[in-house]
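The values are calculated or read from the model by the stated rules, or taken from the named source; none is laboratory data. Just so we're clear, the structure is a prediction, and the values are computed from it rather than from any experiment. Quick reminder, even Gly has a Cβ in these numbers, built from the backbone with ideal geometry, and neighbours come from all protein chains shown. Keep in mind that these areas ignore ligands, DNA and RNA; they rest on the heavy atoms of the full protein, side chains included. Shrake-Rupley method; radii C 1.70, N 1.55, O 1.52, S 1.80 Å.
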Amino acid sequence: MDLTFSAAEEAFRADLRGWLADNIPAEWQRPGFWASVPDDEGFELRRDWEQRKFDAGFAGIDWPTEYGGRGGTPGMKAIYDEEMAHARAPSTVNSLGLAFLAPTIMAIGTDAQKREIIRPLLRSEVIWCQGFSEPDAGSDLASLRTAGVADGEEIIVNGQKVWTTNASHGDKIFTLVRTEAGSQRHRGLSMLLIDMHQEGVEVRPLRQMSGATEFGEVFFTNARVPASECLGGLGNGWATAMLLLSFERGASGILQYTSFRRSYDEIVRAARVLGRDRDPVLRQELGRRMVELECLRYHAMHVLTRVEQGVDLGSESSMTKLQWSETYQDLFETFDDLLGSDVAIDVPVDGLDLTALNAEGFWSRSVTIWGGSSQVQRNIVAERVLGLPR
């Protein structure tokens, strides 16, 4: 495991840190700012921010320059994640498109798809959603029922998707559809790229307990898709989806660690303000959380080393998902223990604003479910990493 970065990578850190210092408004760095901004207004602020980053050369850090990226190293991408978290920079509005769709198109997309999709996605001119989950097809994705029927040079789509991130702001959606009538499970599926602004596509927001409406339901009623808007080939959707999901690289643990460590420090500060910093039980619990966080940091650096060596992580990324999601959840269970019945109160004492931590606490409950539940990840690790029987 290599815990260092090269001279070129550290020079990149200095450039990025300087640009962030000059370009992030002070109010954005205030804890609780983004929770205080209406969803639509916050979305547009973040969208403009993505475009300014691109224009400054700080987007697509490890993407090839031919696609508008910087052509950097995995180490530079890790530094980017770390510095963005330190600076309290806003999260991307196009996370699923950036993490999953664009790398898949680079790998197997047609020339037209590469030309028309990647650069506008990187500048967030076009916002992408992912349409996988359905009411009866969550963890068991292969049981999906949204159907597509060929009609000349188009495919007519009917069905429903749920838990669609950024559905309300999405311009397009990459989605799995059953295009072979009578097919079952993994067979007969296709990955279609659908325009969400057409007649026949309806979005209904889903409000979370934190008040956010990041998720939504998407209904297709005779929505039309050009046959050319199929990624990976008709009927090859399952293989395309598995390739797409494989781009969730474990090196993202750097970003998680940096963000979680900041939250940890804020929880410790709250404990001091509330006079709980001398409580031996709470101190022991905070000590456990620190150990878990440092284990996450070392694991993230181990994974980054392997990525830089060109090692295909494969199923090992499931270990990273398990580690960061459960570390995050444990941290906010400690936050719950600190506040007790006041955990849902933004200002339990004068001068202590916990709006941002409360929003994180609500959000943390979901992280062991989405992106592959902890139960599914443990099965993957057991079977494919440890070689245990099914």
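Out of 276, 306, I need the residue that is more than 23 Å from the chain's Cα centre (by Cα) and either of a type in the set (Phe, Trp, Tyr) or not in a strand (DSSP E or B) (or both). Which one? Quick ask: steps written out before the conclusion?
Working: 306 fails: more than 23 Å from the chain's Cα centre (by Cα).
Answer to the check: 276.
Considering only residues of segment 24-56 that are open to solvent by 30 Å² or more (accessible area, probe 1.4 Å) and not in a helix (DSSP H, G or I), which is farthest from residue 85 (Cα to Cα)?
My answer is 38.
Given the structure, is residue 66 over 27 Å from residue 44 (Cβ atoms), in contact with a strand residue (DSSP E or B) (Cβ under 9 Å, 6 or more places away or on another chain) and surrounded by fewer than 21 Cβ atoms within 10 Å (Cβ to Cβ)? Before you say what the answer is, go through the steps one by one.
On the way: over 27 Å from residue 44 (Cβ atoms): yes; in contact with a strand residue (DSSP E or B) (Cβ under 9 Å, 6 or more places away or on another chain): no; surrounded by fewer than 21 Cβ atoms within 10 Å (Cβ to Cβ): yes.
Criteria not met by residue 66.
Could you look through segment 173-214, keep only residues that are within 18 Å of residue 228 (Cβ to Cβ) and hydroxyl-bearing (Ser, Thr, Tyr), and pick out the one that is surrounded by the most Cβ atoms within 10 Å (Cβ to Cβ)?
175
Which pairs turn up if I take residues in segment 312-338 that are without any contact (Cβ under 8 Å) to a residue 40 or more places away in the chain and open to solvent by 30 Å² or more (accessible area, probe 1.4 Å) and look for partners that are part of a helix (DSSP H, G or I) and aliphatic (A, V, I, L, M) with beta carbon separation below 7 Å, at least 6 apart in sequence or on another chain?
Matching pairs, first to second residue: none at all.
Restricting attention to segment 129-157, report how many residues are over 28 Å from residue 375 (Cα atoms), part of a strand (DSSP E or B) and not β-branched (Val, Ile, Thr).
Residues flagged as over 28 Å from residue 375 (Cα atoms), part of a strand (DSSP E or B) and not β-branched (Val, Ile, Thr) within segment 129-157 amount to 5.
Tell me which residues, restricted to segment 159-183, are under 14 Å from residue 148 (Cα atoms) and in contact (Cβ under 8 Å) with a residue 12 or more places away in the chain.
As a first pass, look at segment 159-183 and keep what is under 14 Å from residue 148 (Cα atoms): 159-161, 174-183.
159, 160, 161, 174, 175, 176, 177, 178, 179, 180, 181 - these are the residues of segment 159-183 that are under 14 Å from residue 148 (Cα atoms) and in contact (Cβ under 8 Å) with a residue 12 or more places away in the chain.
Which ones in segment 364-390 are in a loop (DSSP other than H, G, I, E, B) and over 24 Å from the mean Cα position of the chain (by Cα)?
Going through segment 364-390, the residues in a loop (DSSP other than H, G, I, E, B) turn out to be 365-373, 386-390.
Of everything in segment 364-390, those that are in a loop (DSSP other than H, G, I, E, B) and over 24 Å from the mean Cα position of the chain (by Cα) turn out to be 386, 387, 388, 389, 390.
Tally the residues that are outside any helix (DSSP H, G or I) and either surrounded by 21 or more Cβ atoms within 10 Å (Cβ to Cβ) or aliphatic (A, V, I, L, M) (or both), restricting the search to segment 339-363.
Here is the first cut: in segment 339-363, the ones outside any helix (DSSP H, G or I) are 343-354.
Pick out the ones that are also either surrounded by 21 or more Cβ atoms within 10 Å (Cβ to Cβ) or aliphatic (A, V, I, L, M) (or both) and you get 343-345, 347, 349, 352, 354.
The qualifying residues number 7.
Within segment 270-310, count every residue that is touching a Ser or Thr at 6+ places or on another chain (Cβ under 9 Å) and open to solvent by less than 60 Å² (accessible area, probe 1.4 Å).
Residues of segment 270-310 that are touching a Ser or Thr at 6+ places or on another chain (Cβ under 9 Å), as a first pass: 282, 285-286, 288-289, 292-293, 295-297, 299-300, 303, 308.
Among the residues that remain, those that are also open to solvent by less than 60 Å² (accessible area, probe 1.4 Å) are: 282, 285-286, 289, 292-293, 296, 299-300, 303.
Here the count works out to 10.
Any residue in segment 1-18 that is among the polar types (S, T, N, Q) sitting within a Cβ distance under 7 Å of a residue that is surrounded by 12 or more Cβ atoms within 10 Å (Cβ to Cβ)? List the pairs, counting only those 6 or more apart or interchain.
Cβ pairs passing all conditions: 6/75.
Among (1) crowded, with 16+ Cβ neighbours inside 10 Å; (2) aliphatic (A, V, I, L, M); (3) within 19 Å of the chain's Cα centre (by Cα), which single condition is residue 267 missing?
(3) is the only condition that residue 267 fails.
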